[in-house]
There are 2 protein chains.
Amino acid sequence: MANEVLAGMNSAAINPDIAKERLKATFNPQELTYMLDGGKENTDRRKELENLMFSDPAFCLKDSIYLSTSELYVSTMARSVKLYRLKRDQNWSEKDLQLALRIIRDQNCLTLHHSMFVPALERLASEEQKERWLPLARRYQMVGTYAQTELGHGTNLMELETTATYDKATDEFILSTPRLSSIKWWPGSLGKSSNYAIVLAQLVIDTKRHGMHPFMVQLRSMVDHTPMPGVKLGVIGQKMGGNYNDNGFLFLNNVRIPRENMLMKNAQVTRTGKFLTSGPSKANYATMIYVRVMICSWSFGALAAASTAAIRYSSVRRQSTLSPGTEESQILDYQTQQYKLFPALASAYGFFFIHKVLSDKYQAMMVDMQSGNAKALPEMHAWSSGMKALVSDITVYDLEICRRSCGGHGYLRAAGLSDMVCGATPLATVEGDNTVLYLQVARYLLKQIAKALTGQQTTGITQYLSMNEGSYVCPLQRPADCRNVEFLCEIYKKRAYRLVLKVAQALQQDMESGKEQAVYMNKNLQPLVRMATAHCYYVAMRSYVDGLTSVQLSAPARKILDKLCCLFGVHYIVKLSGDFLESEAIGLEQLHWLQDLELQLLSEIRPEAVTLVDAFDFHDETLSSAIGCYDGRAYERLYEAALKEPMNQTEVDPAYDKYLRDLIMEGAKSKL
Amino acid sequence: MANEVLAGMNSAAINPDIAKERLKATFNPQELTYMLDGGKENTDRRKELENLMFSDPAFCLKDSIYLSTSELYVSTMARSVKLYRLKRDQNWSEKDLQLALRIIRDQNCLTLHHSMFVPALERLASEEQKERWLPLARRYQMVGTYAQTELGHGTNLMELETTATYDKATDEFILSTPRLSSIKWWPGSLGKSSNYAIVLAQLVIDTKRHGMHPFMVQLRSMVDHTPMPGVKLGVIGQKMGGNYNDNGFLFLNNVRIPRENMLMKNAQVTRTGKFLTSGPSKANYATMIYVRVMICSWSFGALAAASTAAIRYSSVRRQSTLSPGTEESQILDYQTQQYKLFPALASAYGFFFIHKVLSDKYQAMMVDMQSGNAKALPEMHAWSSGMKALVSDITVYDLEICRRSCGGHGYLRAAGLSDMVCGATPLATVEGDNTVLYLQVARYLLKQIAKALTGQQTTGITQYLSMNEGSYVCPLQRPADCRNVEFLCEIYKKRAYRLVLKVAQALQQDMESGKEQAVYMNKNLQPLVRMATAHCYYVAMRSYVDGLTSVQLSAPARKILDKLCCLFGVHYIVKLSGDFLESEAIGLEQLHWLQDLELQLLSEIRPEAVTLVDAFDFHDETLSSAIGCYDGRAYERLYEAALKEPMNQTEVDPAYDKYLRDLIMEGAKSKL
């Protein structure tokens, strides 16, 4: 019978429950796919690359769960090298490369070369240096990384401890790791892959410190990849996720490099040891902002993947029943399951639009900056910091909810969700820990509210800080008003205004009472985070609405996306209702309407849910989820995945011969 | 210089920042350690076992991060076998064994044998069967597991699909897996370790079904451990955590077992195929409750460990500064860091007391049940379900907050926190998914409120459902009242009452309006979860206060624990303020007092924080956290841990020879 049961496994049938789901949608998923890809031609190109890449087993991802960390690194290197050969041989554009990286979920161990090393050269090297190094880097003779963070310092870059001391006698810099806490620690591709690094170090000339500057340091021989003299490096060890990358450490024991290896675009050291600087470059800020914008996009991708897997699985999993005596219900039919999954789905679409708005703003700023106008920088810095923090916070939280909504199976690596959780959770930490970012937003808001309180009109996204609060009337006058997303924006605005005002007043009071700044700032640090978060929710909701308005859509597609946008807005008012009641943005009556509407929206989204995640159009291999594949054959794929497990290749595990047999045999003997 | 820098690493010095922290406490941590262990003699015994076990490398845990899953299983088997030999040779009590398991954080692959197989035999087997099997099990000749969950069914046990069909002709049962979804899936120790399983299966006699019953099935030969005929089994594959255990699958292809292998205490099948039953046993419920009580204890352990690691690390990590121009600040000094960590610390202590109260109640119920009085069962079922759900929810959430509070290093497996997160997150899923458990609590509450609304006085923990809501006056009349934990309990009670009442009324209305039950129940499923959660917060706060009151403590120890208890109460009112405002348990003025008090409590707990986690008294090896050791030498240990990484045992990784070299050499050639 085993064979009969298992024979059905290889059929190409689609699970009938998920097939039925696809008949329920009121819109065409392809329309949304094109929108998400940025047009039909991009979708076509993506599918072309998917076909090309996934016909080669080196690009397949889902079997990587069977590898040890060392094996995973080797197989990732195979994939990375193939990828860059493809790029070279097929003359891919940068956009193609980005697409290809998305297709393999960035499971590449030479990422830093492209994302940091080459861009840093372009930004920080002099023309002469670019001429010297860029060609080597572009043909992978130099494989590089960017070494900034140290064991003892991440957030506070000014206190990095690695030194680059100028030796006039030899016209060299001496790179040195003075203390254990100064070891470079974390850079991707550093441990095993790179032969060069741009190292951030304190410039020292005649014992005088001149701040952090970038230096080109050779790490490994270009002939046999052995470490250079004085260079001690390796991997920092296993991580919660992302073990395909050799994040590394670097210990520099008086490593000498020629003076010309300081990247000299923004600052120079002359032969006589004179330090010249053109001041800090605004381009550095722009790069920082760019990465934060990208994190919103990665968050979108992660949440889209997790909601795809969880919603598809919830449509094929049946458990218990809503009506006693009938067939077991699809778990997606339970309101509690919808309550877990649909806000995550609404956020996934939301983050697409939030990223779109942010990215458009960034592009506009870059155009301005090239013509010397950096006026948009402060707002853009606060905006991108805030969206990075809020979007990644929600993503990390919702990913785990999606994973847990799949019950025990969500805990299996083959189901894919646990790797999504473990892989995405650093988004809340990297490129500015979220708490630190909220505090940066808070600083910007304090400046703006100070303006507003002295009668100046604030502009841009903080225009609302000049509001006349006395004239606020809750825009929700009857239940139907709750579906109006513009009204919801007003409510988010009111909440943010009140919280910002409250903290600003508290700080003012503390200052006037003569308290030390360090004391009163720290006393208000958590309230500052809270007010910044409130502002970020407003920006997120505003961007969701604006982004959605800006795209061309058919009526049915717009109708369902409007519902998701509304759910996003309503969900966080209800979830954080204390803030909204406290700031008198809504009253109890409005809260009850919103609570009812949230549940109502869940049932309206229910029939469209599977098609909404289909529209994300993940290739099964990219998704790498046994329970989330397009065909809905969750059990078949889980079982197949288990059979591939290395431990299942032998009937009796070596642990038996080594240890267990003796325990059992002693038991048998003691009987005799 | 490298050598000089690294030479200091092996010193036995204690980090000076953490040493200073220990001078600040107002209480003696040993007093709390004794309380947590249940008395000095238990602490002494624990230290004795720790010394005994950790002098043997087989019991050491922290190096397990370097092993592949297959290697991890083998090393865990070595540890498990040693453990059971020690137990046997040293004649350990059951309490000793439990202690030893706690010391090795349950990293044992024969757990199910002890926690399920033997207890199930004791509970479900007839006297004759016990005589036959228990001696074999106790001397590990039989190594067993308990196979219940299937690929397609977890929560809804009634629909498990495995069948046990009685064959009158041969006086045997035929065990069978009719469909792919019926494969037994998840049982611990099943894949590779066990040679026997108690299998839950649908009893079928003459095509008639008689429900789920337990059957003893031999899985593997007692001579060479090869699978028995018709038995196909293996591991289910890698999990997000807990990979030391061989959770397995089991496919039964018409496996025949003698009729006597049905566990016959509660039901019997006679030779002629007659089915006799003494009805479902209440003992089964008791076991279920017992495991839920235990989960509260495990949650306490997990949160205690995570807060130990995060708080110790936060005392030695310095980053940025609160007062410009001064030394960098310990990150524990930032209010935002305290806001992340101290509620987790308060919960850890709280869960100790919540478990204590629950466990005492359970013991009392068991005494009653032995004298035939099962009156306490329904309340105890709801209580344990609710505490399991709430306590594990908070634990899983706070563990990740603790991990993230350690920044990038929290993502390293050597730091220990990521394994804690990944290892503990199933607590929210196993033994009843939390959503399902909240709904069970809700069911109980609906029964009780129905009583109350018809004028009957409710008793026990739901006594408050008979409250006269009209007479409620918020007990917080001035800011100082907020420190009164009895007042906080009143507020939690009021919130729960209002939410329960609201849902009960909504259901009543829906019912009276003639809606179908399936429709109106599902329409209110999320509100039911919400009201149950509110009740659980009340029970948690009540138990925290009662548990803390019940222990003997010196004045300084009581003072600091009172503050933690107060912080717990205040934190969740502030965090969930919407609920409390909505239910009119507090007003805006009270909310502001509570918000201020929460921040005030953080600063009061700050100087005691390190000593409070020292009191948990984790052995460094049990904690397995490079950043959380007693000596505070976080950077030294992270670096040491990295050096042990297998990939760091060679200077040039095999990935270079296999793939990277060619890419680099092609680049070099293209230059020529």
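Farthest towards the positive end of the charge dipole of the protein assembly as shown, among the residues B:Gly578, A:Ser550, A:Leu358, is the Cα of A:Leu358, using unit charges on the Cβ of Lys, Arg, Asp and Glu. Fully extending the segment from B:Ala450 to B:Glu159 would add 101.7 nm, taking 0.36 nm per residue of separation and subtracting the current Cα-Cα distance. Once whole DSSP H runs in chain A are found, which of them have Cα atoms spread over 30 Å or more along the helix axis and a mean Kyte-Doolittle score of at least -1.0? Flagged H segments are A:282-316, A:335-370, A:377-405, A:485-512, A:525-550.
Roughly speaking, to the nearest percent, how much of the protein assembly as shown's 1.4 Å accessible area is carbon and sulfur? Answer for the protein assembly as shown: carbon and sulfur cover 54 percent of the accessible area.
Remark: accessible area buried at the B-A interface is about 12200 Å², both chains counted, probe radius 1.4 Å.
Net charge of the neighbourhood of B:Val421, taken over other residues with C-beta under 9 Å away and scored Lys/Arg +1, Asp/Glu -1, is -1. With a Förster radius of 51 Å applied to the beta-carbon distance between B:Leu643 and B:Lys559, the computed FRET efficiency rounds to 0.70. What the Cβ-Cβ distance of A:Glu584 and A:Thr321 gives, at R0 = 51 Å and to the nearest 0.05, is a FRET efficiency of 0.70.
Shown for B:Glu516: label points 7 Å from Cα along the beta-carbon vector, and their distances to the equivalent points in the other copies, 6.9 nm in ascending order. With the contact rule set at Cα under 8 Å and sequence spacing of 6 or more, what percent relative contact order holds for the stretch A:1-121? Answer for the stretch A:1-121 is 21 percent. With the convex hull of its Cα atoms as the shape, chain B has an orientation-averaged projected area of 39.7 nm². When only alpha carbons are used to place a centre, the stretch B:441-474 and the stretch B:145-170 end up 40 Å from one another. Size descriptors for the stretch B:140-278: radius of gyration and Dmax over Cα atoms are 14.7, 48 Å.
Checking the cross-link pairs B:Lys95/B:Lys340; B:Lys168/B:Lys232; A:Lys340/B:Lys356; A:Lys644/B:Lys340 against a 30 Å limit on the alpha carbon distance flags B:Lys95/B:Lys340; A:Lys340/B:Lys356; A:Lys644/B:Lys340 as lying beyond it.
The distance from the alpha carbon centre of the stretch A:619-639 to that of the stretch A:381-433 is 20 Å, rounded to a whole number. Since only B:Gly455, B:Ala137, B:Cys482 are under comparison, the one whose Cα sits farthest along the positive direction of the charge dipole of the protein assembly as shown, derived from C-beta charges on Lys, Arg, Asp and Glu, is B:Ala137.
Here the spin labels are modelled as points 7 Å beyond Cα on the Cα-Cβ line, and at A:Gln370 and B:Lys669 they lie 3.8 nm apart.
Only Lys, Arg, Asp and Glu carry charge here, each on its Cβ (+1 for the first two, -1 for the last two); on that basis the stretch B:140-278 has a dipole of about 100 debye about its Cα centre.
Using a simple spin-label model with pseudo-atoms 7 Å out from Cα toward Cβ, B:Tyr397 and A:Glu516 lie 3.5 nm apart. Ordered from longest to shortest, the equivalent ellipsoid semi-axes for the protein assembly as shown are 48, 39, 33 Å, each the square root of 5 times a Cα gyration tensor eigenvalue.
Our note on the geometry: Cα centres of the stretch A:504-570 and the stretch A:242-288, 36 Å apart. Among the trypsin sites (Lys or Arg not before Pro) in the stretch B:228-321, which ones are in a DSSP loop with at most 15 other Cβ atoms within 10 Å of the Cβ? Mind listing them? When the trypsin sites (Lys or Arg not before Pro) of the stretch B:228-321 are filtered for loop state and at most 15 Cβ neighbours within 10 Å, B:Arg271, B:Lys274 remain. Remark: label point of A:Ala668 defined 7 Å out from Cα along the Cα-Cβ vector; separations to the same position in other copies 6.0 nm, ascending. The longest stretch of chain A left intact once loop-based GluC sites (Glu not before Pro) with at most 12 other Cβ atoms within 10 Å are removed from consideration, loops following DSSP, is A:1-326. As a length-normalised measure over Cα pairs under 8 Å and 6 or more apart, the relative contact order of the stretch A:448-526 settles at 21 percent. Among the trypsin sites (Lys or Arg not before Pro) within the stretch A:345-420, those in coil by DSSP and having at most 13 neighbouring Cβ atoms inside 10 Å are A:Lys375. Taking the inverse of the mean reciprocal distance over all distinct Cα pairs, the Kirkwood hydrodynamic radius of the stretch A:422-558 comes to 17.0 Å.
Would you mind classifying the stretch B:99-201 by shape? Square roots of the alpha carbon gyration tensor eigenvalues, ordered a ≥ b ≥ c; an a/c under 1.5 is rounded, otherwise it is prolate if a/b is larger than b/c and oblate if not. The shape class here is oblate. Restricting the stretch A:430-522 to trypsin sites (Lys or Arg not before Pro) that sit in a DSSP loop and have at most 16 other Cβ atoms within 10 Å of their own Cβ leaves A:Lys515.
With R₀ fixed at 45 Å, the C-beta to C-beta distance from B:Leu276 to A:Glu604 puts the FRET efficiency at about 0.30.
Between copies, A:Asp89 shows label-point distances of 6.0 nm, shortest first, with the point placed 7 angstrom from Cα along Cα to C-beta. Partner aspartates and glutamates whose Cα lies under 17 Å from the Cα of A:Lys375, excluding those fewer than 8 positions away in the same chain, are identified as A:Asp360. Using C-alpha pairs below 8 Å separated by at least 6 residues, the relative contact order for the stretch B:140-278 is 27 percent.
The values are calculated or read from the model by the stated rules, or taken from the named source; none is laboratory data. Just so you know, these numbers come straight off a predicted model, no measurement behind them. Heads up, the Cβs are rebuilt from the backbone with ideal geometry, glycines too, and the neighbour counts pull from every protein chain shown. Note: accessible area is taken over every heavy atom of the protein model, side chains too, but ligands, DNA and RNA are not part of it. Shrake-Rupley method; radii C 1.70, N 1.55, O 1.52, S 1.80 Å.
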